[in-house]
Amino acid sequence: MPGGRLSQQERQQIALGLGDSLPYAEIARRINRPTSTVTREVMRNGGPTGYRADLAHRATERRAHRRRPASASGESVPQPRGRDAEAVAEYEDTFTTVLMASGLTKMAARVLTCLFTIDAGSLTASELAQRLQVSPASISKAITFLEGQSLVRRERDERRRDRYVVDDELFYQATIASARANDQLVETARRGVALLGPHTPAAARLENIARFLDFISESIIRAAEQARDVLHTRPGTAAGNSAQPRPGQG
């Protein structure tokens, strides 16, 4: 399969395929590209209903230009730990696309990607706005959503500025919160069972939905509790070694 960036003609073929409601795999086969390439291209450029080939092509050119930061002398700006700036930018685009596919808005996904991929794991609102080249209002809206989903937390630094933080424990908490989000639907479904009568087809359907979601939620919570220590295990250390207590444990 060919590599490199998509051509404008390939993007036009993607747009035509989306217009014909073709699956991503079929579109990818027609242009001889991996399905993941087509999925990433569509999700980062408006999604299946908003994709436009010409706009996507121009956006990619702008992203490519931003990936080549230069100092006043025209030389590339050194990256932390000797990282390749273009490879990091490409990875951040991919990570953002995956987060968007999981249900996050584009800005929330960009903010979360930024926090996950910076070594400090925390930034102020102004630092986020500067790094992502967006308005403070956009950052504020994204942070409000992410805090509501338990995906970031707010801390005050020594200069009394709000810093937005991601850490391992937050990922566990977000998983638990996501599982518990089904509770209201389970409760509502079971109210419907009582209202519609336990021996009716509609009530049976609602009860099955409630039982299914109950099982899924409890399974996720149980697995998250069992796997929680993995989030506090250093890379290269056996995941099964839980001798070290989690933060807050004696």
> For region 170-179, what are the residues that are touching a helix residue (DSSP H, G or I) at 6+ places or on another chain (Cβ under 9 Å) and either over 23 Å from residue 149 (Cβ atoms) or open to solvent by 70 Å² or more (accessible area, probe 1.4 Å) (or both)?
Replying inline: 171, 178
> Does residue 11 satisfy being touching a residue at least 12 places away in the same chain (Cβ under 8 Å), of a type in the set (Lys, Arg), assigned to a helix (DSSP H, G or I) and crowded, with 20+ Cβ neighbours inside 10 Å?
Replying inline: yes
> For residue 187, all conditions in the list (1) among the charged types (D, E, K, R); (2) open to solvent by 90 Å² or more (accessible area, probe 1.4 Å); (3) at pLDDT below 90 hold save one; what is the number of the exception?
Replying inline: (3)
> Residue check, residue 182 against (1) open to solvent by less than 60 Å² (accessible area, probe 1.4 Å); (2) closer than 23 Å to residue 229 by Cα, all met but one. Which one?
Replying inline: (2)
> residue 96 fails exactly one of the following numbered conditions: (1) open to solvent by less than 40 Å² (accessible area, probe 1.4 Å); (2) over 23 Å from residue 43 (Cα atoms); (3) of a type in the set (Ser, Thr, Tyr); (4) under 14 Å from the mean Cα position of the chain (by Cα). What is the number of that condition?
Replying inline: (2)
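Please tell me if residue 127 is open to solvent by 80 Å² or more (accessible area, probe 1.4 Å) and without any contact (Cβ under 8 Å) to a residue 12 or more places away in the chain.
On the way: open to solvent by 80 Å² or more (accessible area, probe 1.4 Å): no; without any contact (Cβ under 8 Å) to a residue 12 or more places away in the chain: yes.
In short, no.
Do you know which residues across region 130-149 are part of a loop (DSSP other than H, G, I, E, B) and either touching an Asp or Glu at 6+ places or on another chain (Cβ under 9 Å) or open to solvent by less than 40 Å² (accessible area, probe 1.4 Å) (or both)? Spell out how you get there, then give the answer.
To start, the set of residues in region 130-149 that are part of a loop (DSSP other than H, G, I, E, B) comprises 133-135, 149.
Passing the criteria: only 134.
Condition first: touching a residue at least 24 places away in the same chain (Cβ under 8 Å) and open to solvent by less than 80 Å² (accessible area, probe 1.4 Å). Can you find one or more residues in region 190-207 that meet it? Write out each step before concluding.
Looking only at region 190-207, we keep the residues that are touching a residue at least 24 places away in the same chain (Cβ under 8 Å), and these are none.
The answer is no; no qualifying residue exists.
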> If residue 86 passes every condition in (1) open to solvent by 60 Å² or more (accessible area, probe 1.4 Å); (2) among the acidic types (Asp, Glu); (3) at pLDDT 80 or above but one, which one does it miss?
Replying inline: (3)
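Quick check on residue 50: is it within 18 Å of residue 97 (Cβ to Cβ) and surrounded by fewer than 13 Cβ atoms within 10 Å (Cβ to Cβ)? Spell out the reasoning first.
Working: within 18 Å of residue 97 (Cβ to Cβ): yes; surrounded by fewer than 13 Cβ atoms within 10 Å (Cβ to Cβ): yes.
Judged against the criteria, residue 50 is a match.
The values are calculated or read from the model by the stated rules, or taken from the named source; none is laboratory data. Source: prediction; values computed, not measured. Heads up, the Cβs are rebuilt from the backbone with ideal geometry, glycines too, and the neighbour counts pull from every protein chain shown. These accessible areas exclude ligands, DNA and RNA; they are computed on the full protein's heavy atoms, side chains included. Shrake-Rupley method; radii C 1.70, N 1.55, O 1.52, S 1.80 Å.
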